[in-house]
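A short worksheet on the structure shown next.
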Amino acid sequence: MAKTEPNDRKPHITEQAITLGNWHHHVNWVNTSLILIVPLGGCVAAFYTKLQAVTAAWAIMYYFWTGLGITAGYHRLWAHRSYEASRPLRIFLACVGGGAVQGSIRWWSSKHRAHHRWTDTVKDPYSVMKGVWYSHFMWMVLKQNPKNKGRTDISDLNEDPVVVWQHRNYGSVILVFGVLFPMLVAGLGWGDWKGGLVYAGILRFLFVQQATFCVNSLAHWLGEQPFDDRNSPRDHVVTALVTLGEGYHNFHHEFPSDYRNAIEWWQYDPTKWSIWTWKQVGLASNLKEFRANEIEKGRVQQLQKKVDQKRAKLDWGVPLGQLPVVDWDDFIAETQSGKALVAIAGVIHDVTDFIKEHPGGKTLISSGIGKDATAMFNGGVYMHSNAAHNLLSTMRVGVIRGGGDVEIWRHQNKQSAIA
Ligand SMILES: [Zn+2]
Ligand SMILES: [Zn+2]
């Protein structure tokens with residue numbers, strides 16, 4: 001059978017424009033049901049469901065568990081291997097992470113590794129370059145072109161039986177831990193079956209989903225870039241607050257295998273606190289941290305870059321290498337023909353327009369015209385400020401051949417000639 005040439009293949013749906021006739025082919029209906037249709041149904045049901053205080057407390061508690069399943073489990077443990085977890089902890093994280101209804105560990109981590117590897121490019125599955133809403137959730141609502149798939153190595157995940165089990169049984173996992181378990185706790189616990197389903201189940205996972213999606217959108221759009229500004233990741237406390245500490249995203253993209261996102265003790269990173277606590281009780285080990293020296297190097301380099309950018313916008317005078325080289329005698333001749341030139345540290349400065357404004361008065365500045373005023377300027381008459389040095393450099397017009405202390409050499413030459 002003849003091999004199909006690429007040109008003979010039907011173009012992928014993503015290569016066709018979205019029209020009224022074909023839009024439903026563009027939609028990934030499984031994802032859309034799980035992140036839009038069911039959650040919207042939950043919002044409608046909430047209008048008809050009384051919220052009990054105890055159910056609200058349970059929903060918030062389960063939000064933390066399932067949120068941690070994603071941040072401490074899917075993200076920091078499986079996608080980045082920033083620490084090691086015992087089997088019971090891995091099973092717990094796989095179950096509650098599944099209850100966050102965001103895909104299996106295997107699927108999520110492979111996308112996330114592609115996001116780190118190909119950040120802001122066409123192979124980044126949730127590139128913010130395609131817009132904030134695209135990076136937030138449209139990348140899941142719309143089908144993706146397989147041509148743009150960023151390849152990643154997930155062989156380590158395939159060797160973890162917990163990951164493989166969760167991937168194989170993902171449908172049951174989301175049904176049980178996304179909906180049935182939270183409903184069962186509220187139903188058996190205090191008889192609130194409906195509230196358990198609507199609030200601790202659906203609305204809670206809607207909230208965890210949206211919070212996690214903020215890491216892909218908000219954390220690439222809002223905030224500071226203290227470590228590197230070549231790509232989009234940013235640090236912001238608001239993102240940290242909604243994502244259980246994943247908001248220090250500029251740091252995270254620079255140091256992805258660090259189990260922390262926030263490195264200061266006062267920053268909000270409950271995911272880090274949880275992992276640290278699990279270590280204390282023997283459930284987690286080998287927590288990875290980048291050396292403070294390496295982190296500070298990144299911070300200083302970024303600061304330096306910002307300073308250099310600011311510096312480049314200012315007028316520092318003509319660079320010395322671009323000034324004409326002038327003989328001492330020509331310098332004297334020019335001053336005698338009326339130009340107010342002063343030589344300081346081997347550089348000629350035209351002070352004609354500055355004489356009137358000189359804070360020390362006209363007389364003192366005029367006394368330096370046609371002379372090497374280096375000593376006068378640097379304390380001989382007055383020790384000028386840093387600001388005065390800066391201002392002076394904007395008046396540069398030439399460099400004296402032979403450098404600075406020419407007048408002294410000439411004086412010495414005269415003396416030796418007399419002798
Ligand atoms: Zn990111
Ligand atoms: Zn990450």
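Each value in this text was obtained by applying a stated rule to the coordinates, not by laboratory testing. Predicted model only: the values in this text are computed from it and were never measured. A quick note on method: Cβ atoms are made from the backbone with ideal geometry, for glycine too, and the neighbour counts reach across all protein chains shown.
Things worth noting here:
- Each of D308 and I18 was given a label point 7 Å from its Cα along the Cα-to-Cβ line. The distance between the two points is 4.1 nm.
- Size of segment 252-407 from its Cα atoms: along the principal axes, largest to smallest, the extents are 86, 29, 25 Å.
- log₁₀ of I(q)/I(0) at q = 0.09, 0.11, 0.15, 0.19 Å⁻¹ - segment 55-206, Debye sum with one point per alpha carbon: -0.32, -0.47, -0.82, -1.14
- Helix-only mean residue ellipticity at 222 nm for the chain, each DSSP H run of n ≥ 4 adding -39500 (n - 2.57), per residue, nearest 500: -12000 deg cm²/dmol
- Cα gyration tensor shape for segment 20-139, rounded if a/c is under 1.5, else prolate or oblate: oblate
- Checked against a 25 Å cut-off, the cross-linked pairs K111/K306; K272/K305; K111/K272; K313/K339; K143/K288 give Cα-Cα distances beyond that limit for K111/K306; K272/K305; K313/K339; K143/K288.
- The angle between the Cα long axis of helix 181-190 and the main principal axis of the chain comes to about 70°, on a 0 to 90 degree scale.
- Cα-centred dipole magnitude for segment 53-199, charges only on beta-carbon of K, R (+1) and D, E (-1), debye, nearest 20: 500 debye
- Extent of segment 227-283 along its three principal axes (Cα atoms, max minus min coordinate, largest first): 40, 22, 16 Å.
- Unit Cα scatterers, Debye sum, the chain: log10 I(q)/I(0) for q = 0.09, 0.10, 0.11 Å⁻¹: -0.68, -0.76, -0.85
- Within a Gaussian network of the chain (alpha carbon springs, distance under 10 Å), most fluctuating of S127, S385, S393: S385
- Cross-link reach list, lysines versus K194, counting only Cα pairs under 26 Å and skipping chain neighbours closer than eight places: K50
- Projected label distance in nm at M383 and Q336, using a 7 Å step from Cα toward the beta-carbon: 3.7 nm
- C-alpha center-to-center spacing [segment 158-230, segment 26-62] in angstrom: 11 Å
- The chymotrypsin sites (Phe, Trp or Tyr not before Pro) of segment 188-277 that meet both conditions, a loop assignment by DSSP and at most 12 other Cβ atoms within 10 Å of the site Cβ, are W265, W266.
- Cα long-axis angle, helix 204-216 against the chain (0 to 90 degrees, to the nearest 10): 30 degrees
- Computed lengthening from V27 to E294, 0.36 nm per intervening residue step minus Cα-Cα distance: 91.7 nm
- With Cα atoms, 0 to 90° folded angle of helix 105-117 axis to the chain main axis: 10 degrees
- Rotationally averaged projected area of segment 113-272 (alpha carbon convex hull; nm²): 11.4 nm²
- Candidates A262, A100, A373: whichever shows maximal mean-square fluctuation once the chain is modelled as a Gaussian network with Cα springs under 10 Å: A373
- Potential extension, A46-I60 segment - 0.36 nm per residue separation minus Cα distance: 3.5 nm
- Charged neighbours of A186, selected by a Cβ distance under 10 Å, balance to 0 (K, R count +1; D, E count -1).
- Mean separation of Cα contacts under 8 Å (6+ apart) over length of segment 221-265, as relative contact order %: 30 percent
- Max mean-square fluctuation residue, GNM over the chain, Cα-Cα springs under 10 Å, options V132, V163, V351: V351
- Look at the dipole of segment 187-301 built from charges on Cβ: of I263, I202, G298, the Cα furthest out on the positive end belongs to I202.
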